[in-house]
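Inspection log for the structure reproduced underneath, given as structure tokens.
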Amino acid sequence: MNHRIEPALIASENAKSTLGLNEDYDALGVTLARDGVDIETLTQQAQGFNIAVPSWGTGTGGTRFARFPGLAEPRNIFEKIEDCAVIHQLSQCTSRVSPHFPWDRVDDFSELKQHADSYGLAWDSINSNTFQDQAKQAESYKFGSLSNTSAKARDQAIAHNIECIQWGQQLGSKKLTVWVGDGSNHPGQQHFQRAFERYLDSMHKIYAELPSDWEMHIEHKMFEPAFYSTVIQDWGSNILATMELGDRAKSLVDLGHHAPNTNIEMIVSRLIQFKKLGGFHFNDSKYGDDDLDSGSLHPYQQFLIFNELVDAQARQQPGFNPNYMLDQSHNVTDPIESLMNSAAEVQRSYIKALLINRDALYHFQEHNDALMASNTLKKAFNVDVSPILAMARLRQGGAIDPIATYRAADYRTGIAANRPSSGGNGSGIV
Ligand code: LRH
Ligand code: MN
């Protein structure tokens, strides 16, 4: 298998902190054992955790105001894969990449598959794009895509999604994610029911082409690019659409797509209960769809979401198999560092949620002991599980400290010569 970072460098960096890690790990083991928790079981669960990386997150992101490209930006999907290989090599929990078409379109998909295979990377959900007009595109998506009043525009968007499935099959993916920006900016501009009916009619035509072992994930979003109404505006419209389409249509929860202070963990619980939780786009936000690093602002909310996920796992909830993925935009940090950091922060929420004493929680819930129920969650959240995450990385050949090791490797300086800046738009979202 190819490596982007010299394994010897990772080993020498790890050697600097292995002693300290073992001490911290053993001490945490003793503390957890006092509550009957076996640290080794948790470390194995940490090693089994995996979260996909968005190809579009490897380039520096921007806003409508500006984008400030960094050094040695990836200019195409091959270079994005190389950077994803660095993230997985050091973090050991991001072995899948989610592409976006046509941003990542290539002429030879088998060549692209071989390139990813050479780094031990697989392909996660395929993201279609009917929120931008491509050069020489016949029908514009200015007034929507799958819900556009123009049948020609809808057919064009349907054809693109079906093509995305075919490209995904060549890469070995098993999921299609459909997010559309369709909506309106003015009251009266759109007939809500007719727009939703057109959307459902289009999605039925795409669903009919979905291979039997694939899932379709529908992503809702409150606003942007539309600022008055959005056809799939919230989890309600989302789950209704998935129920309308069929068992293999499920809802995807992008954390940033909700109004501030929305109880997202409760939405997750509902989707789990009705076997409609397809997966997540993890990120964090303060105001809108800020696409900030996961757990950087609301780590407790992320932990509460994993409380629902671990609870379903513990109850062996039928139809429970959510897909985990990051969806972030890195405007002021090195995307590789932010993606490694964020993958570990989501992994941290999972391990902390595994520490929750569920029997005690259920007892306090049944007896309306609100304070002790809340304290049972906080007790788990307040455990520093960093030694478990680091040990999971070390045991799989990763870095005890991914950021320090990445900086020691000075990766971007090393590849800058092969990646002359393309100036212009590069591969960030904007
Ligand atoms: C929409 C979204 C969607 C992607 C896009 C890049 O805001 O979250 O998941 O297609 O970002
Ligand atoms: Mn998203």
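The values are calculated or read from the model by the stated rules, or taken from the named source; none is laboratory data. Computed from a prediction, not measured in an experiment: that's the story for all the values here. Glycine gets a Cβ as well: all are built from the backbone with ideal geometry, and neighbour counts include every protein chain shown. Accessible surface areas use protein heavy atoms only, side chains included; no ligands, DNA or RNA. Shrake-Rupley method; radii C 1.70, N 1.55, O 1.52, S 1.80 Å.
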| query | Can you pull the three principal axis extents for the Cα set of the chain, in Å, largest first? | reply | 65, 63, 41
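Rolling a 1.4 Å sphere over the protein heavy atoms, what is the accessible area per residue of the stretch 184-236, to the nearest Å²?
Numbers: 2700 Å² over 53 residues.
Value for the stretch 184-236: 51 Å² per residue.
Remind me, relative contact order of the stretch 189-259 in percent, using alpha carbon pairs under 8 angstrom and six or more residues apart? Walk me through the numbers before you get to the answer.
Working: 77 pairs, mean separation 24.6, N = 71.
Worked out over the stretch 189-259, it gives 35 percent.
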| said: Please enumerate, by chain and number, the aspartates and glutamates with C-alpha under 12 Å from the C-alpha of Lys152, excluding those fewer than 8 residues away in the same chain. | reply: Glu139
| Using modelled backbone amide H atoms (1.01 Å from N, in-plane), which distant-in-sequence or interchain residues come within less than 5 Å of Gly183's amide H? | Val231
| request: Report the extension gain between His363 and Ala408 in nm, rounded to one decimal, defined as 0.36 nm multiplied by the number of residues separating them, less their alpha carbon distance. | output: 11.3 nm
| Across the stretch 312-317, in residue order, what do the Karplus-derived ³J(HN,Hα) couplings come to in whole Hz, using 6.51 cos²θ - 1.76 cosθ + 1.60 with θ = phi - 60° and x for Gly and Pro? | 5, 4, 5, 8, 6, 4
| Based on the Kirkwood radius over alpha-carbon pairs, what is the Stokes-Einstein translational diffusion coefficient of the stretch 225-304 at 37 °C with 0.692 mPa s viscosity, in µm²/s? | 247
| Segments 64-72, 110-118 sorted - mean Cβ within 10 Å per residue, highest first | 110-118, 64-72
| Karplus-derived HN-Hα couplings along the stretch 234-251 (A = 6.51, B = -1.76, C = 1.60, θ = phi - 60°), whole Hz, x at Gly and Pro | 8, 5, x, 4, 5, 5, 4, 5, 5, 5, 5, 7, x, 4, 8, 9, 9, 9
| remark: With a 18 Å threshold on alpha-carbon distance, the violating pairs from Lys250/Lys286; Lys352/Lys379; Lys175/Lys250; Lys286/Lys378; Lys175/Lys205; Lys80/Lys142 are Lys250/Lys286; Lys286/Lys378; Lys80/Lys142
| field | P(r), alpha carbons of the stretch 272-430 - 10 Å bins starting at zero, rounded % | value | 9, 29, 33, 19, 7, 2, 0
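Give, in nm to one decimal, the length gained when the segment between Gln170 and Ala8 is fully stretched (0.36 nm per residue of separation minus the Cα-Cα distance). Walk me through the numbers on the way to the answer.
On the way: separation 162, 0.36 × 162 = 58.32 nm, distance 3.45 nm.
Computed gain between Gln170 and Ala8 is 54.9 nm.
Checking the a/c ratio against 1.5 first, then a/b against b/c, what shape does the Cα gyration tensor give for the stretch 9-86? Each step should come with its number before you reach the end.
On the way: a/c = 2.88, a/b = 2.26, b/c = 1.28.
It comes out prolate by the Cα gyration axes.
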| said: Given a 10 angstrom Cα cut-off, can you work out which residue in Ala249, Ala85, Ala159 is the most mobile in a GNM of the chain? | reply: Ala159
| task | Apply the Debye scattering formula to the stretch 42-114, with a single equal point scatterer on each alpha-carbon and no solvent, then give log10 I(q)/I(0) at q = 0.28 Å⁻¹. | result | -1.32
| message | Taking amide H atoms as placed 1.01 Å from N in the peptide plane, list the residues 5 or more away in sequence, or in a different chain, whose amide H sits under 5 Å from that of Ala52. | response | Tyr324, Met325, Leu326
| task | Pull up all non-local amide H partners of Thr177: gap of 5 or more, or a different chain, and H-to-H distance under 5 Å with H placed in the peptide plane. | result | Ile126, Asn127, Ser128, His217
| message | Suppose the Debye formula is applied to equal point scatterers at every Cα of the stretch 316-372; what is log10 I(q)/I(0) at q = 0.18 Å⁻¹? | response | -0.81
| Shape category assigned to the stretch 125-213 from the gyration tensor of Cα positions, a/c cut at 1.5 | prolate
| task | Would you list which aspartates and glutamates come within 13 Å of Lys16, measuring only between C-alpha atoms, while excluding same-chain residues fewer than 8 positions from it? | result | Asp401
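Can you give the extra length, in nm with one decimal, that the chain gains between His191 and Lys142 once fully stretched, where that is 0.36 nm per residue apart less the Cα-Cα distance? Show your work: numbers first, answer last.
Details: separation 49, 0.36 × 49 = 17.64 nm, distance 1.64 nm.
Here the answer is 16.0 nm.
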| said: Run the simple label-point estimate for Ile162 and Asp133 please: 7 Å along Cα→C-beta, distance reported in nm. | reply: 2.4
| said: Could you compute Rg(Cα) / (2.2 N^0.38 Å) for the stretch 224-268, with N its residue count? | reply: 1.22
| request: Name the most mobile residue of Arg315, Arg248, Arg154, meaning the one with the largest mean-square fluctuation, in a Gaussian network model of the chain with Cα contacts below 10 Å. | output: Arg315
| note | Here the relative contact order (percent) of the chain, from C-alpha pairs under 8 Å and at least 6 apart, is 23
| query | P(r) of the stretch 372-416 in 10 Å steps, Cα pairs, percent per bin? | reply | 24, 29, 25, 15, 7, 1
| Residue with peak Gaussian network fluctuation, the chain [Cα springs, cutoff 10 Å], from Met325, Met243, Met372 | Met372
| Which aspartates and glutamates, on any chain, are close to Lys276 with Cα under 15 Å apart, when same-chain ones fewer than 8 places away are left out? | Glu215, Glu219, Asp234, Glu244, Asp247, Asp254, Glu265, Glu308
| Put +1 on the Cβ of each Lys and Arg and -1 on the Cβ of each Asp and Glu in the stretch 229-379; which of Asn261, Gln365, Ser329 then has its Cα farthest toward the positive end of the dipole? | Gln365
| message | Explain nothing, just compute: Karplus ³J(HN,Hα) = 6.51 cos²θ - 1.76 cosθ + 1.60, θ = phi - 60°, for every residue of the stretch 134-143 in order, whole Hz, x for Gly and Pro. | response | 8, 4, 6, 7, 5, 10, 7, 9, 3, 10
